[in-house]
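See below for the structure under consideration.
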Amino acid sequence: MTAEEERELYAELVLQCAESVPRGRVTTYGAIADVVGERLGRGGPRLVGNVMATHGAAVPWWRVVRADGSLPPSHGEEARQAYLEEGTPLRASGSVDLSLAFWQPGLRAE
DNA sequence: GTTATGACTATGG
DNA sequence: GCCATAGCCATAA
């Protein structure tokens, strides 16, 4: 398998995790990195971030947040409206309440 | 091979 | 919970 194919595979698994998050729930970069890293033997939250930056347009990226429940300032505004639509539990600061909304991601096949 | 960078995380304040 | 610092993984120059 070429390096490029591995990147695509990694990306696809990350997208699966993002897609597995139901409406009104969110997950974290670290959780996805853990699941995909366990499957492919490599990982790291930054890799997940890189994948989202590249292929994020194809999935509900607003359901993937940082470990503290907040999003990058660049996408906070756009995500906030999606949260209001989906009924995602938000804190006053605008961050997601992970204790209520956290979803453990998973792959379609093991 | 070394350095810089990124949609990150853990820890301490 | 937010800010600063250090650590981590892969890619690009």
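Structural remarks
- Placing dummy labels 7 Å off each Cα toward the beta-carbon, the span from residue A:82 to residue A:66 is 1.7 nm.
- For residue A:96, the residues whose modelled amide H falls within less than 5 Å of its own, excluding neighbours fewer than 5 places apart on the same chain, are A:70, A:91.
- Segment residue A:109..residue A:2, full-extension length gain: 36.3 nm, with 0.36 nm per residue of separation and the alpha-carbon distance subtracted.
- Length available on full extension from residue A:97 to residue A:53: 0.36 nm per residue minus the Cα-Cα distance, which gives 13.5 nm.
- Kirkwood Rh, Cα atoms: Rg over Rh of chain A: 0.97
- Solvent exposure of the stretch A:3-99, expressed per residue, is 56 Å² of accessible area, with all protein chains present and a 1.4 angstrom probe.
The values are calculated or read from the model by the stated rules, or taken from the named source; none is laboratory data. All values derive from a computational prediction rather than experimental measurement. Heads up, the Cβs are rebuilt from the backbone with ideal geometry, glycines too, and the neighbour counts pull from every protein chain shown. Ligands, DNA and RNA are stripped out before the accessible areas are found, and what is left, the full protein with its side chains, is counted by its heavy atoms. Shrake-Rupley method; radii C 1.70, N 1.55, O 1.52, S 1.80 Å.
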